Amino acid sequence: MILQVEEGRFTPYICFDPANNHFDIRGKCFPENSKKFFEPIIEWVEDHLSPKPTVLTIDLDYVSSASTIGLILMFKKMLEVIERDNLTILWRYEDGDDEGLKTGEALSEALNFTFQYESYQEDY
């Protein structure tokens, strides 16, 4: 079963497709009610994710402090389902976006889990 959440004004695009090992979160993340936004995503992870090797790609332009809590809870649930050695979290950020990189580093530290980082140049 695929989880797909279309990008909203304050919420990211999310596509979790286990059959194709495609797990992607991108956009901005500052929902009005972070707990309400992340609850069904965390439930989906618990109900549909398998322990096979998984790469989660995160590319968020902005993350509110309330959303970091939701992300941490989601990551923790993923780590309950998937062995640490089988989960890769790829944190993408725009070249020169020090805040974006720091957000990823702070989340990595909070989880005591090493993220991979990838910078990119935005094409205009």
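Each reported figure results from applying straightforward, stated rules to the coordinates on display, with no laboratory input. Computed from a predicted model, the values in this text were never measured in an experiment. Virtual Cβ from ideal backbone geometry, glycine too; neighbours counted across all protein chains shown.
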**Request:** May I ask you to list pairs of residues, at least six apart or on different chains, whose Cβ atoms are under 7 Å apart, with the first in region 27-50 being at positive phi and the second being of a type outside the set (F, W, Y)?
**Result:** G27/E7; G27/P12; G27/L60; G27/D61
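So, in region 50-65, of the ones that are closer than 17 Å to K28 by Cα and crowded, with 17+ Cβ neighbours inside 10 Å, which residue ends up nearest to the chain's Cα centre (by Cα)? Give the steps one after another, and end with the answer.
Kept after step one, since they are closer than 17 Å to K28 by Cα, are these residues of region 50-65: 56-65.
Still in the list and also crowded, with 17+ Cβ neighbours inside 10 Å: 56-60, 63.
Working: L56: 7, T57: 7, I58: 5, D59: 8, L60: 8, V63: 11 Å.
Applying the filter and picking the extreme gives I58.
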**Selection count, region 112-124, where residues are acidic (D, E) and assigned to a loop (DSSP other than H, G, I, E, B)** = 2
**Message:** Restricting to region 66-124, and then to whatever is closer than 23 Å to K35 by Cα and basic (K, R), can you tell me which residue is surrounded by the fewest Cβ atoms within 10 Å (Cβ to Cβ)?
**Reply:** K102
**Asked** Somewhere in region 20-37, is a residue over 14 Å from the mean Cα position of the chain (by Cα) and among the hydrophobic types (A, V, I, L, M, F, W, C)?
**Response** no
**Item:** Residues being in a strand (DSSP E or B) and either aromatic (F, W, Y) or crowded, with 18+ Cβ neighbours inside 10 Å (or both) - total across region 1-18
**Value:** 4
